[in-house]
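Taken together, the values in this text are just the output of simple stated rules run on the coordinates, not laboratory data. None of the values given here were measured: they were computed from a predicted structure. Because the Cβ atoms are built from the backbone with ideal geometry, glycine has one as well, and the counts that use them run over all protein chains shown.
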Amino acid sequence: QVFLENMLAKGPAPNIGTINTFLRAHARLGDLQSVASTIRLADKLRLEPDVVTFTTILDALLRQSGESASTDAVAKTLDIMNSLGVQPNVVTYTAMIKACLVGADAAHTDLASQTLLKDSPDRRAQSSNDVRIEAALELLDRMIDAKVAPSEITYTALINGAMQNPDAVAHGCQDRNE
């Protein structure tokens, strides 16, 4: 923050690229407070967020474990992107797919079950691995429907998730074929 304050005082003025760099640094540290203050600074400077800005925010929210509000925050971030006409790109979708497939505590990636898969009785009976795989596959479908081409990184994430959860993949594929 001190560096940004120096830029404001002495120049050059930060641009959205500068803001995105600081957002990424704060996100990697898991410092959501600094992410929020950097976003507020961008707003104060009247800098328009771009897809990199929103993807970085989503990535920070999805990586933050134990945050019960992250599901709502992710859904709100996607809504804001949509309202500003900023479309998710391959990096945005891949970050969400990766978050679904992370084997650790994925309570906050219930984003997929709440905002993508809806809360159905059938889904509640599934294991959390089944839900994560199903969410990742749903995101892949949405990505393709949006005419965003998956990258090698997207497919690598899906393959790694499949290798870690072969039973969940078989169950997810079976459900999709029914």
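Stretching Asn6 away from Gln33 to a fully extended chain increases their span by 7.7 nm, per 0.36 nm per residue minus the current alpha-carbon distance. Between the beta carbons of Arg46 and Lys76, assuming R0 = 22 Å, the FRET efficiency works out to 0.55 to the nearest 0.05.
With each label modelled as a point 7 angstrom along the Cα→C-beta vector, the Glu152-Ala25 pair spans 3.0 nm. For segment 140-148, 3J(HN,Hα) computed residue by residue from phi via the Karplus equation (6.51, -1.76, 1.60; θ = phi - 60°) reads 4, 4, 5, 4, 5, 4, 7, 6, 9 Hz, glycine and proline entered as x.
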